[in-house]
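Input: a single structure, listed below in structure tokens.
The values are calculated or read from the model by the stated rules, or taken from the named source; none is laboratory data. As the structure is a computational prediction, the values presented were derived from the model and not from experiment. Glycine also receives a Cβ, built like all others from the backbone with ideal geometry; neighbour counts cover every protein chain displayed.
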Ligand code: NI
């Protein structure tokens, strides 16, 4: 039977991998999830907070728990060359949400077929995790009222850690994060007559460098923060100093007070550096992701559940500065987020790399972890 589940989940995962959809556009993925749930005879509601789907198994009692997976893909051109590589050009499941979705369906199968528990389990298939507010959208659409759950659990696959090893920390797992959009307004002109311009490209260069002083010189070295500018767009012509340059990136911190300090310093550095260069800068912060901070009791419960089914458990890894909007759930109800080792990251294929791939071998591991955690949470 476990073999059958592994084969089934692998097929589903590869189907999803072949048909990735960007955040807010997960219509096909949600339809696939609904189709499988219908085949499994598990009732569900769709269209929650966008393309969100919630399936529910009720077995009496008054205890309840939520299990969550994310469904969206990334705007990355896949380079794996796999037989089941993305058929949606420029879109790739480079974070393994295809695997998360398939393994949550697997947990639903395991719990459906397991008579040894009572209570209610809600399976939350969440859209728009990659910085597009899917968790908040589902909660704004009444997720926690319409599908009351005492606690919530979820996981992310983790390349570079031995396949199937489960990591669950007390406290911070992942950082609070926010996107930065900077627009620098100068005055356009001929590349050979810079004195008649205000050069936003040169200004952008200074801002790019100056922003690195925020973490280096404003944040306590013993507290973590990161500022990264990742896009820079200027003129098309090589002989025009343009009017406008835009820069976008993200910043993150594990502690809210550090996060607020970094935000304030970014604003000051950008505005004043632009002024010094004779330009004006507008700065926008958007789409905040809450830090994912595990609740101690639930983290312990999840570790015990993982160990009870024979999975190796680690707690010795530091948190990551990546963000994960599972943190929003943990602000509302207790729960815990785990990492499950995806095996070696061959050729440096970590998350969000064009060569990354979810390891199908951990599909049954993750499904069993989620099912065991739900049962433990329900007191089974
Ligand atoms: Ni992810």
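Filtering segment 232-257 to residues that are closer than 22 Å to residue 318 by Cβ and in a loop (DSSP other than H, G, I, E, B) leaves 254, 255. Residues in segment 281-306 that are closer than 14 Å to residue 181 by Cα and in contact with a helix residue (DSSP H, G or I) (Cβ under 6 Å, 6 or more places away or on another chain): 281, 283.
Here's the yes/no breakdown for (1) more than 20 Å from the chain's Cα centre (by Cα); (2) more than 20 Å from residue 111 (Cβ to Cβ); (3) in a strand (DSSP E or B); (4) modelled with pLDDT of 95 or more:
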position: 271; (1), (2), (3), (4): yes, yes, no, yes
position: 285; (1), (2), (3), (4): no, yes, yes, no
position: 318; (1), (2), (3), (4): no, yes, no, no
position: 370; (1), (2), (3), (4): no, no, no, yes
position: 374; (1), (2), (3), (4): yes, no, no, yes
position: 380; (1), (2), (3), (4): yes, no, no, no
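Picking from residues in segment 125-154 that are in contact with a helix residue (DSSP H, G or I) (Cβ under 6 Å, 6 or more places away or on another chain) and under 16 Å from residue 373 (Cα atoms), the one that is farthest from the ligand (Cβ to nearest atom) is 151.
Each row is one residue, and each column tells you yes or no for (1) surrounded by fewer than 20 Cβ atoms within 10 Å (Cβ to Cβ); (2) more than 16 Å from the ligand (Cβ to nearest atom).
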{"position": "297", "(1), (2)": "yes, yes"}
{"position": "309", "(1), (2)": "yes, yes"}
{"position": "335", "(1), (2)": "no, yes"}
{"position": "349", "(1), (2)": "yes, no"}
{"position": "353", "(1), (2)": "yes, no"}
{"position": "358", "(1), (2)": "no, no"}
{"position": "361", "(1), (2)": "yes, yes"}
{"position": "367", "(1), (2)": "no, yes"}
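When segment 296-316 is filtered for residues that are in contact (Cβ under 8 Å) with a residue 60 or more places away in the chain and assigned to a loop (DSSP other than H, G, I, E, B), the ones remaining, listed by number, are 309, 311, 312, 315.
Checking each residue in segment 152-172 for being surrounded by fewer than 24 Cβ atoms within 10 Å (Cβ to Cβ) and within 20 Å of the chain's Cα centre (by Cα) picks out 159, 160, 161, 163, 164, 165, 167, 169, 170, 171, 172. Listed by first and then second residue, the pairs linking a residue in segment 97-110 that is assigned by TED's automatic domain parsing to the domain that holds residue 122 to a residue that is modelled with pLDDT under 95 and surrounded by fewer than 24 Cβ atoms within 10 Å (Cβ to Cβ), with Cβ atoms under 6 Å apart and 6 or more places separating them unless they lie on different chains, are 106/5.
Checked against the criteria, residue 231 does not count as under 30 Å from residue 334 (Cβ atoms) and either out of contact with any helix residue (DSSP H, G or I) (no Cβ under 9 Å at 6 or more places or on another chain) or touching a residue at least 24 places away in the same chain (Cβ under 8 Å) (or both).
For beta carbons closer than 6 Å, sequence separation of 6+ or different chains, a first residue in segment 7-31 that is surrounded by fewer than 24 Cβ atoms within 10 Å (Cβ to Cβ) and a second that is at pLDDT below 95, the qualifying pairs are 23/130; 23/132; 24/132.
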